[in-house]
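Q: I'd like to ask you about the structure that follows.
The values are calculated or read from the model by the stated rules, or taken from the named source; none is laboratory data. What you see is a predicted model; the values in this text were computed from it and never measured. For neighbour counting, all protein chains shown are included, and Cβ atoms are generated from backbone atoms with ideal geometry for every residue, glycine included. Note: areas computed on protein heavy atoms with side chains; ligands, DNA, RNA excluded. Shrake-Rupley method; radii C 1.70, N 1.55, O 1.52, S 1.80 Å.
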Amino acid sequence: MKTFFFTFIVCLLNLPSTEIIGKYQIESEDSFDTLELRKDNTYEYKVRGKSFNSWMDITGSWILKDGILILNHNYQYEEETIKYILKKEPASKGHNTFGVIDLYENPIPEFEVKYLCNNNVIIKKTNKKGIVKFKKCDLLKSGNSTIGIELKYVVNGKVVTETTSFNKNFEHVLLRINNSPKTIKSNRKYRFAYKNGSLKSIDFPYVKEMSSYKKL
């Protein structure tokens, strides 16, 4: 009987306060973020800044402990397939050079690179060291100082085509290609202080430090 009573008290103390359940809105002129805390201990945080590009929805589970609201966020993402690394290595005067390597820093020979200069396309392949060199584009229109490259590479068995641009005066660009990107599972915990029906952010990277929220 004592054991049952003790277990009941522990469970009671760990129950979330029903007062915190509801919808909150950030008090900010730069954002319209909202946080909804549901009875089933799930939540939805809507990031709504001035820029539409930064909008996102975050979901997960929540718990209230000693006046601290903890939002658990389980998510996954894929490793990047290609990374462009600007290198300050000596390059031949009058040339743009590219180095192509795999995820383990091994050079990739015979890798085709299309060099785009206005409407002209020059196609070359990397040498045994994974290097390809192009004479700098001298046909650029006045005020334009960028050149482009087009690449084709395989990612998880599928051919991907990608085009990007650089200032024509760069020294050397290293292209690191990941042909088999992995799906990474991760977890983040965000913390807010809860007191008298309001919230304040403690550890939440999507808002300014110590942002306040009011209950709607």
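Q: Go through region 141-185 and give me each residue that's under 30 Å from Ser61 (Cα atoms) and either open to solvent by less than 40 Å² (accessible area, probe 1.4 Å) or β-branched (Val, Ile, Thr) (or both). Show your work before the answer.
A: Of all residues in region 141-185, those under 30 Å from Ser61 (Cα atoms) come to 181-185.
The answer is Pro181, Thr183, Ile184.
Q: Right, another one. Residues that are surrounded by fewer than 16 Cβ atoms within 10 Å (Cβ to Cβ), in contact with a strand residue (DSSP E or B) (Cβ under 8 Å, 6 or more places away or on another chain) and not β-branched (Val, Ile, Thr), at least 3 per element: which strands (runs of 3 or more DSSP E) completely within region 21-140 meet that? Show your work before the answer.
A: Numbers: elements: 22-26, 34-37, 42-47, 56-65, 68-78, 82-87, 95-102, 112-117, 120-125, 131-135.
Qualifying strands (runs of 3 or more DSSP E): 56-65, 68-78, 82-87.
Q: What's the total number of residues in region 141-176 that are free of Cβ contacts under 8 Å to residues at least 60 places away in the same chain and part of a loop (DSSP other than H, G, I, E, B)? Step through it out loud before you land on a result.
A: Here is the first cut: in region 141-176, the ones free of Cβ contacts under 8 Å to residues at least 60 places away in the same chain are 141-150, 152, 154, 156-159, 161, 163, 165, 167, 169.
Still in the list and also part of a loop (DSSP other than H, G, I, E, B): 141-145, 156-157, 169.
Summing the residues that are free of Cβ contacts under 8 Å to residues at least 60 places away in the same chain and part of a loop (DSSP other than H, G, I, E, B) in region 141-176 gives 8.
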